[in-house]
Amino acid sequence: MSNIDENKLHQGEPEIDEITKDRYVGGHEYDGIRELDNKLPRWWVYLFYATIIFAVVYLLGYHVTKWWPLQEDEYAREMSVVADQKKANPEPTVDLATMVPLTAAADLAAGEATYKKICIACHGPQGQGLVGPNFADEYWIHGDSVTNTISIKNLYNVVITGVIEKGMISYKDQLSPVQIQQVLSYILTMQGTNPPNPKAPQGVKYAKIR
């Protein structure tokens, strides 16, 4: 590199590097290394301009003019739609005080589908009992000892509370009240069916099932 003084044509003019033809940045010299004022690549400059344009459009669109909704607004709007849909199409409910076993073929078919999906692993395909108790015999673990009866209401409470010490979880969040009534109605149809390889009786033999 030529002498620095040779690069100075006039007082105050920038010093130019002979190889790159870039000017030196004044005051940026460390350990004999001087910084050049290199030009940025065109693609980098255009990208920088694009980010500025994007920021301006984003600010105007989301925060000033409200052309587009923010995430919070989108969430509130979607939740409002869901609430309106629930009002227009309310889920069927059941009255536990007056609950009785369902007998319609459609309800029993729905109950059978739920049984095969959830209950079969512990109670067997025919209700003969595996890990869980036998549904086909006359003995029940969770009946009403006061009235000496077993009812669908007793079984409903078992399903929604679970029997944790026996490994049965609560299904109140997995099944709707109607689905629980349907599957319990199907289970009660197993009474007296005498499936093969039944599990030994557990619980109490109640006088009446209702």
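With the structure loaded, tell me whether Leu96 is more than 24 Å from Ile169 (Cα to Cα) and surrounded by 11 or more Cβ atoms within 10 Å (Cβ to Cβ) or whether it fails that test.
Values: more than 24 Å from Ile169 (Cα to Cα): no; surrounded by 11 or more Cβ atoms within 10 Å (Cβ to Cβ): yes.
No: the conditions fail for Leu96.
Out of segment 171-185, which residues are assigned to a loop (DSSP other than H, G, I, E, B) and hydrophobic (A, V, I, L, M, F, W, C)? Show your work before the answer.
From segment 171-185, those assigned to a loop (DSSP other than H, G, I, E, B) are 171-176; that's our starting set.
Listed by number, the list holds a single entry, Leu175.
Select from segment 99-141 the residues that are of a type in the set (Val, Ile, Thr) and in a helix (DSSP H, G or I) and write down the one among them that is farthest from Lys153 (Cα to Cα).
Ile120
For segment 13-20, state whether one or more residues are modelled with pLDDT of 75 or more and of a type outside the set (Asp, Glu).
Within segment 13-20 (the criterion being modelled with pLDDT of 75 or more and of a type outside the set (Asp, Glu)), the answer is yes, since at least one residue qualifies.
Looking at (1) under 15 Å from Leu184 (Cα atoms); (2) among the β-branched types (Val, Ile, Thr); (3) not assigned by TED's automatic domain parsing to the domain that holds Val204, which is the one condition that is false for Ile118?
(3)
Here is a list: Ile169, Ile160. Which entry is within 24 Å of the chain's Cα centre (by Cα), surrounded by fewer than 14 Cβ atoms within 10 Å (Cβ to Cβ), modelled with pLDDT of 90 or more and among the hydrophobic types (A, V, I, L, M, F, W, C)?
Sole residue among the options that is within 24 Å of the chain's Cα centre (by Cα), surrounded by fewer than 14 Cβ atoms within 10 Å (Cβ to Cβ), modelled with pLDDT of 90 or more and among the hydrophobic types (A, V, I, L, M, F, W, C): Ile169.
Can you give me the number of residues within segment 191-207 that are surrounded by 19 or more Cβ atoms within 10 Å (Cβ to Cβ) and under 25 Å from Val146 (Cβ atoms)?
Result for segment 191-207: 1.
The values are calculated or read from the model by the stated rules, or taken from the named source; none is laboratory data. Nothing here was measured: the structure is a model prediction, and the numbers come from that model. Virtual Cβ from ideal backbone geometry, glycine too; neighbours counted across all protein chains shown.
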